[in-house]
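This report concerns only the one structure given below.
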Amino acid sequence: MTTLYEVHGTVALITLSNPPVNGLGHATRSSITDNLQKANADATVKSIVITGAGKAFSGGADIKEFGTPKALSEPNLHSVILAIENSSKPVVAAIHSVCMGGGLELALGCHYRIAAPGCSVALPEVKLGLLPGAGGTQRLPRVLGVEPALNMIVSGEPVKSELLAQIPGQKLFDKMAQSPESLAEEALAFAQSIADTRPLPLVRDLPCKHPNGDAYFQFARNMVKGMSKDFPAPLKCVDAVEAATKRKFEDGLLFEREIFINLMWTPESRALRHIFMAERAASKIPDVPEDTPKREIKSIAVIGAGTMGGGISMNFLNAGIPVKMLEMKQEALDRGIATIRKNYEAQVKKGKLKQDKYEQRMSLLSTTLSYDDLKDADMVIEAVFEEMGVKEKVFKELDRVMKPGAILASNTSTLDMNKIAGFTQRPQDVIGTHFFSPANVMKLLEVVRAEKTAKDVLATVMALGKKIRKTSVVSGVCDGFIGNRMIEQYSRQAGFLLEEGATPEQVDKAVEKFGFAMGPFRMGDLAGNDIGWAIRKRRYQEKPGMKYSKTADLLCEMGRFGQKTGAGWYDYVPGKRDAIPSQVVVDMIEKHRKDIGVAPRKISDEEIVQRLVYSLVNEAAHILEEGIASKASDIDMVYLTGYGFPIHRGGPMLYADQVGLFNVVQSMNRFAQNPLDDASFWKPAPLLARLAAEGKTFNLST
Ligand code: 3HC
Ligand code: NAI
């Protein structure tokens, strides 16, 4: 049963009951129309109330149904709304908590609407690369006015019901309930009071005009164009609302419907819908039930007040959780605190943080030089130098002082978490929390599950990640975890491309045009080329047969570590971040080509993008197969939130699915023929080869 039906005196009450948010899937839509018919057929019923059970009136169309035949099956949302409009008895929407997308469109089809205060009202379809497809663009301007409606439709942002109720002349709500608790009772009373009113009011009959339409819509288009560069939906929202002001209602509906269907098939919408699901799926761990008891984390200790320790601490201070930082020397603590202050002060200056909030946050921060002072912390995060010997000393100390049940986390980016856990007598309490730099800004948190990490520790850290507003993705233990393991292959390809004939600028421009926030060489200059150098030096020992381009080493030998040394793959003017193509670097690459006897060739942007992106995909397929990531969509979330992968492409795995895995494998086979590349790397991972052969995809959630 996806709706409930009860009769209260002369009022029929239809309650949407489709947890978690009363999505309007096919079963729910059918059930609404069935119950409407029932109410209309019952002579004792004089009016009807539609409301939602649980935590929403309705979150809108069922996103999980999109792309399946059920989404289009009758009754579709249009037919349900038409049935409501055509009901011979008045229908009242009783709105509370969440009223979004198709849920709001359903309410706009009702003859009357009563809302509880505190309800989040939105047409968020644009965030899924769509526009409201069941009359939202035609009806909302009629009840709110064109400008407030367009703002809501283009931004997709929720607005509180009590604020909407204050818009002069609004006809969205006929009445505001006193409180969410009294909504049902007030809605029944209201329905009784209007039972005999005729004719029944319909939103579609209201006028829709803007006094300076042409100028306003031109202005709106200019604004929207600037903000929505890779996405078609926002501009289409403007078109549809403009149509509401210029066309007859029915024509406007048809126009909106056509745009909705076209947008549904765009790769951008597919990507955004995938991300919506992937983000939520990331918090679900196959063998850790959602009701796993969690440990209480009321205080945090951070070891190391360097680049990462400071940023990590800020996350918890921002969430109101006290932090104690430990260092080896007072000077290091002072430096760490000064950096945190500087970051907060910059936010205050920009008006992003209020002075009293800043002070409140700083008051939660304390420091120490003694491990004994950490004993009461519920969780400790280590962010000291990336050396196993140093980590060993720290974890042995932590094992000595931390109270039983405390969670012991390491921010290591490359070291073996099983080994680190083994330095303690309580490996079940040890976990990796791999933050990304700057740790107070970057959304991604790789949560590294070691062999013996207890399930409740994992569940606790995932919940904590949500609290500090990170996108947390679980990774198994391997060198580089999910993200850095993949980026190593991407960087290797970037190096080969230089050797074969490309310039850093060409490579960066090609992937930036594809949509990456930054190409590999600009990224290297930002992060510091010495980091990759250190990793490669280790690799030359561990895997002597592994092929690398020497260009990056030659660059580092010239002391060009990137922005921090004023020169890297690019030149930099002191104090500025603009990357200026460098003749010195071009000369170095050309000399290197001569030294290794390579005649440069012209490389197309298409080849650059394919080699860089498919290198990610092939490594990701190994990662999936080895169980380091449990879902392809987790890998997409890592790349979208930690590595600047273009949002409108939905992540490397969705992108590969959309290109077609067969095509990806074909290209990889071609790259393997290139004698200057690493043929063994381009052997498709067995999982990828199998899926491609079977005509399957990485089996994503949407
Ligand atoms: N359809 C199906 N499932 C939905 C859903 C929807 N519209 N909205 C949310 N859910 C599911 C989520 O997938 C999640 O499922 P899970 O528990 O299995 O992971 C669950 O509801 C809870 O979601 P959140 O974790 O996001 O819970 P919150 O309480 O933080 O937020 C919400 C609730 C505000 C409703 C938020 O989920 C949201 O913004 N949802 C999207 C709403 C939306 O985009 N609606 C428009 C749909 S398109 C449409 O209506 C087309 C129409 O115009 C024709
Ligand atoms: P950093 O060099 O900026 O800071 C390390 C701090 O640890 C220094 O202030 C040092 O004084 C302190 N320290 C060293 N040994 C200590 C000990 N025994 N006890 C207490 N304090 C000690 O290093 P950074 O960049 O902050 O890195 C820290 C960890 O985070 C490393 O494991 C690194 O691999 C990891 N990491 C770094 C990222 C980055 O971009 N910098 C990104 C993700 C992870």
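For the reader, a short list of remarks on this structure follows.
- Too-long pairs where the Cα-Cα distance tops 27 Å, listed order kept, from LYS419/LYS550; LYS225/LYS602; LYS537/LYS602; LYS466/LYS631; LYS466/LYS696; LYS509/LYS591: LYS419/LYS550; LYS225/LYS602; LYS537/LYS602; LYS466/LYS696
- Annotation: aspartates and glutamates with alpha-carbon distance below 16 angstrom to LYS443 (same-chain offsets under eight excluded): GLU279, ASP634, ASP636.
- Straight-line reach from LYS576: taking Cα to Cα under 17 Å and skipping same-chain neighbours fewer than 8 places apart, the aspartates and glutamates in range are ASP525.
- Using θ = phi - 60° and Karplus 6.51 cos²θ - 1.76 cosθ + 1.60, couplings along the stretch 248-257 (whole Hz; Gly, Pro as x): 5, 3, 4, 4, x, 4, 5, 4, 4, 4
- Cα gyration tensor, the stretch 568-672 - rounded (a/c under 1.5), prolate or oblate: oblate
- Remark: relative contact order (the stretch 372-443) = 33 percent; criterion is Cα-Cα distance under 8 angstrom and separation of 6 or more residues.
- The residues of the chain have, on average, 43 Å² of accessible surface per residue, using a 1.4 Å probe with all protein chains present.
- Counting 0.36 nm for each residue step from LYS248 to LYS171 and taking away their Cα separation leaves a gain of 25.8 nm.
- Shown is the FRET efficiency for LYS393 and GLU258, computed with R0 = 60 Å from the Cβ-Cβ distance and rounded to the nearest 0.05: 0.35.
- About its Cα centre, the dipole of the stretch 67-216 is roughly 200 debye, where the only charges are +1 on Lys and Arg Cβ and -1 on Asp and Glu Cβ.
- Solvent-accessible area of GLU392, all protein chains in place: 60 Å² (probe radius 1.4 Å, heavy atoms, ligands and nucleic acids excluded).
- For the set VAL302, VAL477, the ranking by accessible area, highest first and with no ligand, DNA or RNA atoms included, is VAL477, VAL302 under a 1.4 Å probe.
- Reachable aspartates and glutamates from LYS298, criterion Cα separation under 19 angstrom, eight or more residues apart if same chain: ASP372, ASP373, ASP376, ASP378, GLU382, ASP429, ASP456
- Estimated FRET transfer efficiency (ASN86, MET362; beta-carbon r; R0 60 Å; 0.05): 0.45
- Probe 1.4 Å - accessible area at LEU365, Å² to nearest ten: 20 Å²
- Using θ = phi - 60° in the Karplus curve 6.51 cos²θ - 1.76 cosθ + 1.60, the 3J(HN,Hα) couplings for the stretch 489-496 round to 5, 4, 5, 4, 4, 4, x, 4 Hz; x is entered for Gly and Pro.
- Amide proton proximity set for VAL474, modelled H, under 5 Å, gap of 5+: VAL447
- A 1.4 Å probe, protein heavy atoms only, puts the accessible area of VAL154 near 30 Å².
- If you plug the beta carbon distance of LYS70 and ASP291 into 1/(1 + (r/R0)^6) with R0 = 35 Å, you get a FRET efficiency near 0.75.
- Using C-alpha pairs under 8 Å with a sequence gap of at least 6, the mean separation divided by the residue count of the stretch 581-667 gives a relative contact order of 20 percent.
- Long-range HN-HN contacts of ARG113 with modeled amide H, under 5 Å: ALA93, ASP174, LYS175
- With helices as the sole contributors, the chain gives -15000 deg cm²/dmol at 222 nm; each DSSP H run of n ≥ 4 counts as -39500 (n - 2.57), and the sum is divided by every residue.
- Relative contact order for the stretch 283-379, counting Cα pairs under 8 Å that sit 6 or more residues apart, in percent: 34 percent
- Since only VAL224, ALA191, ILE275 are under comparison, the one whose Cα sits farthest along the positive direction of the charge dipole of the stretch 190-284, derived from C-beta charges on Lys, Arg, Asp and Glu, is ILE275.
- The magnitude of the dipole of the stretch 434-528, with charges of +1 and -1 set on the Cβ of Lys/Arg and Asp/Glu and taken from the Cα centre, is near 700 debye.
- Centroid-to-centroid separation of the stretch 258-298 and the stretch 488-565 [C-alpha atoms, Å]: 33 Å
- In Hz, Karplus ³J(HN,Hα) per residue of the stretch 361-366 (6.51, -1.76, 1.60; θ = phi - 60°; x = Gly, Pro): 5, 5, 5, 8, 9, 9
- Surface composition of the chain: carbon and sulfur make up 55 percent of the accessible area, probe 1.4 Å.
- Prolate/oblate/rounded call for the chain, Cα gyration tensor, a/c under 1.5 rounded: prolate
- Label separation (SER182 vs MET1): 2.9 nm, computed from points 7 Å beyond Cα along the C-beta direction.
- For the chain, a simple Cβ point-charge model (Lys and Arg +1, Asp and Glu -1, everything else neutral) yields a dipole of about 580 debye relative to the Cα centre.
- Amide hydrogen neighbours beyond the local backbone of SER410, cut-off 5 Å, H modeled: GLU382, ILE431, GLY432, THR433
- Prolate/oblate/rounded call for the stretch 268-349, Cα gyration tensor, a/c under 1.5 rounded: oblate
- Segment GLU386-ALA189, length gained on full extension (0.36 nm per residue, minus Cα span): 64.2 nm
The values are calculated or read from the model by the stated rules, or taken from the named source; none is laboratory data. This structure is a prediction, so every number in the text was calculated from the model and none was measured. Counting neighbours? That spans all protein chains shown, and the Cβs are built from the backbone with ideal geometry, glycine included. All accessible areas refer to the heavy atoms of the entire protein, side chains included, with ligands and DNA or RNA removed. Shrake-Rupley method; radii C 1.70, N 1.55, O 1.52, S 1.80 Å.
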